[in-house]
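Participant: To start, I am sharing the structure in question, which I have written as structure tokens.
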Amino acid sequence: MKKVALVMLAVLSLAACQNKDLYDEQAKEKDTKAQYAANFVEKYSNVSLNQSWDFSNKNEAYSLPTSGQGGRRAARAAEYQVAKGDVYEVDNNTLTWMKNKLKDGNDNRSLGKPFYMKTPGNSFTIVPIFQGQASSVWELHAVIDGVDFKVWEKGQDVWIKKNANSDWQTVESVSTNELYKNTENAAAVKARTYTFSNVPVDVEMYFYLTITKVTNSKYNYTLNSQMSSLNGMMLSIKDCPRPANIDEDNQVMIIGCEDVYDNPSKGVKSDNDMNDVVFMIYGKPEVPGIIEITEETTIERKSTVRYMIEDLGSTNDFDFNDIVVDVSEIQSSHAVFTNGILTGWTDSGKRQEAVIRHLGGTLPFILTIGNTELAEHVGVLGADIEEKYEVSGWDKNLHNIGVKVKQAENTTVYNNVVFPKAGEAPMIIAVEPTQAWMTERQSVPDTWFYIPTEE
């Protein structure tokens with residue numbers, strides 16, 4: 001009924017506006033929006049308008065405060081190398097020790113605190129040695145001196161033998177069900193190594209997993225979340241025995257990772273066994289040095305929403321790429337520990353920033369985010385850019401963002417576009433910051449939106 005009412009409203013608005021001066025500010029804007037709404041309903045006939053147009057999880061990214069020398073870091077990063085190496089067959093004694101240390105289903109967080117590392121003066125190597133049951137897909141990233149590197153993704157270059165006499169097979173070939181692509185009951189495991197070299201000495205580094213795909217809808221809330229050494233979702237163990245197939249002059253360390261966090265509203269409670277994926281790091285003569293995070297350590301927590309905006313330059317264009325802007329809130333935080341386990345954060349400062357990522361419309365516009373109105377910006381067709389602005393007053397749940405766009409037929413009059421309420425045809429949508437924008441004039445698919453099922 002709401003969709004029918006919207007169409008009727010659009011028709012009535014069109015009729016009313018046709019009796020007015022087309023360049024009357026309010027009449028022209030109302031006319032344009034009515035046409036857009038009617039065209040949206042026609043284009044997305046199966047989509048319910050009675051939904052939230054916020055499709056973002058707002059998961060936090062964790063980082064160490066940087067020195068502000070981004071240009072220097074970026075230049076030096078070109079010299080870093082994270083290279084695929086040989087295939088390493090995991091020592092079964094190491095696996096036995098690891099499974100006894102990180103007992104499956106136990107809360108193992110007390111075995112280590114959140115941490116970051118300092119790089120040694122030598123190259124070092126990381127290799128996945130165990131992959132537990134998980135219905136989600138993740139990537140391992142390393143951040144070195146503020147520069148982010150993707151190292152590995154779940155199942156990549158990992159092989160198992162089901163029994164001593166079977167052939168090697170990839171973990172990916174074990175099952176079509178993501179949950180069973182693991183090494184839990186394998187008789188033998190081998191995996192590709194990844195070696196870090198030419199890394200500056202004694203700079204800060206840390207690891208994190210990011211969830212890139214969810215196959216069980218119960219865990220949709222984890223998409224794009226970070227399971228980091230900074231937020232207690234990883235722990236390091238340096239008192240592990242050196243495997244027999246690692247040279248004696250190498251130092252060895254184990255890093256265990258958890259891949260899901262508590263969400264009472266979804267009925268999800270993490271077991272915190274820290275063995276959903278386990279890595280071994282070795283280096284000659286040293287591995288990165290561990291620095292435990294304490295109540296005095298400053299950690300930055302960043303939550304980002306990507307807004308995709310239609311500028312009403314055309315009322316039958318739904319590519320939502322006329323303006324693409326990421327808005328972030330960054331909290332400076334300190335860990336709170338209960339019985340040695342990280343249980344929360346206290347915040348000592350906050351800042352907000354916006355980054356315009358893409359322009360796909362030719363009309364000039366004025367963007368307002370929270371309390372900040374940016375200067376009028378020229379429209380550009382099909383340009384990927386990176387323009388950063390300090391903003392304030394933005395609320396990631398209220399989506400207090402709007403844009404004034406000059407009308408195509410009258411360059412002194414603006415159309416006003418704000419974040420839509422349920423029941424309205426959207427001209428702005430909120431999505432994950434990893435969501436790619438469409439090419440020009442290619443409408444977003446209806447699968448981005450809620451489509452009710454027929455009962």
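Computed from the coordinates by the stated procedures, all read-outs in this text should not be read as laboratory data. The shown structure was predicted, so the numbers you read here are calculated from the model rather than taken from an experiment. In this analysis, Cβ positions are derived from the backbone assuming ideal geometry, glycine residues included, and neighbour counts consider all displayed protein chains.
Participant: Using a cut-off of under 15 Å, list every residue of region 142-161 whose amide N is near the label point 7 Å from the Cα of residue 245 along the Cα-to-beta-carbon line.
Facilitator: 158-161
Participant: Also: From the backbone phi of region 160-170, what are the Karplus-calculated ³J(HN,Hα) couplings (6.51 cos²θ - 1.76 cosθ + 1.60, θ = phi - 60°) in whole Hz, Gly and Pro given as x?
Facilitator: My calculation for region 160-170 gives 9, 10, 6, 8, 4, 9, 7, 7, 5, 9, 6 Hz in order.
Participant: Tell me, what HN-Hα J-couplings in whole Hz come from the Karplus equation 6.51 cos²θ - 1.76 cosθ + 1.60 at θ = phi - 60° for each residue of region 237-253, using x for Gly and Pro?
Facilitator: 10, 9, 8, 7, x, 6, x, 5, 9, 10, 4, 4, 7, 9, 8, 10, 9
Participant: In addition: Structure shown: which of 218/269; 302/396; 161/190; 113/238; 269/350; 103/150 lie over 18 Å apart, alpha-carbon to alpha-carbon?
Facilitator: 269/350; 103/150
Participant: Any chance you could run the full-extension gain for residue 392 through residue 111? It's 0.36 nm times the residue separation minus the Cα-Cα distance, nm to one decimal.
Facilitator: The span from residue 392 to residue 111 would gain 97.1 nm if fully extended.
Participant: Ok, one more. Taking the Cα of residue 295, stepping 7 Å toward and past its beta carbon, and measuring to each backbone N in region 338-357: which are under 16 Å?
Facilitator: Counting only backbone N, you get 338-348.
Participant: Rounded to the nearest whole Å³, what is the per residue volume of the convex hull around the Cα atoms of region 294-439?
Facilitator: That works out to 125 Å³ per residue.
Participant: Quick one: length gained pulling residue 43 to residue 150 fully straight, 0.36 nm per residue minus the C-alpha distance?
Facilitator: Full extension of this stretch gives 34.7 nm more.
Participant: Kindly provide the helix-only [θ] at 222 nm of the chain, computed as the sum of -39,500 (n - 2.57) over DSSP H runs of four or more divided by all residues, to the nearest 500 deg cm²/dmol?
Facilitator: Rounded to the nearest 500, it is -4000 deg cm²/dmol.
Participant: Residues of region 227-250 with amide nitrogen under 15 Å from the 7 Å Cα-to-Cβ point of residue 286?
Facilitator: Within reach of a label on residue 286, which here means backbone N under 15 Å from a point 7 Å along Cα→Cβ, region 227-250 contributes 250.
Participant: Taking region 255-376 on its own, what percent of its Cα-Cα pair distances exceed 21 Å?
Facilitator: 65
Participant: Let me ask something additional. Treating only the Cβ atoms of Lys and Arg (+1) and Asp and Glu (-1) as charged, compute the dipole magnitude of region 280-436 about its Cα centre; round to the nearest 20 debye.
Facilitator: For this selection, approximately 160 debye.
Participant: A further question on this structure: At residue 83 and residue 170, where each label point lies 7 Å from the Cα along Cα→Cβ, what is the point-to-point distance in nanometres?
Facilitator: 2.4
Participant: Taking 0.36 nm per residue of separation and subtracting the Cα-Cα distance, what length does fully extending residue 346 through residue 177 add?
Facilitator: Stretched out fully, the residue 346 to residue 177 stretch lengthens by 56.8 nm.
Participant: How large is the dipole of the chain about the Cα centre if only Lys and Arg carry +1 and Asp and Glu carry -1, each at its Cβ, rounded to the nearest 20 debye?
Facilitator: Magnitude of the dipole: close to 500 debye.
Participant: In terms of modelled amide H atoms, which long-range or inter-chain residues lie less than 5 Å from the amide H of residue 90?
Facilitator: HN-HN under 5 Å from residue 90: 189, 190, 191.
Participant: So, one more: With unit charges on the beta carbon (Lys/Arg positive, Asp/Glu negative), name the residue among 125, 277, 164 whose Cα is farthest towards the positive pole of the charge dipole of the chain.
Facilitator: Checked the options; the winner is 164.
Participant: Right, something else. Determine the distance separating the Cα centre of region 107-137 from the Cα centre of region 177-225; give it in Å without decimals.
Facilitator: Centre-to-centre distance over Cα atoms comes out at 9 Å.
Participant: Roughly what % of Cα-Cα distances in the chain sit above 39 Å, to the whole percent?
Facilitator: That tail contains 33 percent of the Cα-Cα pairs.
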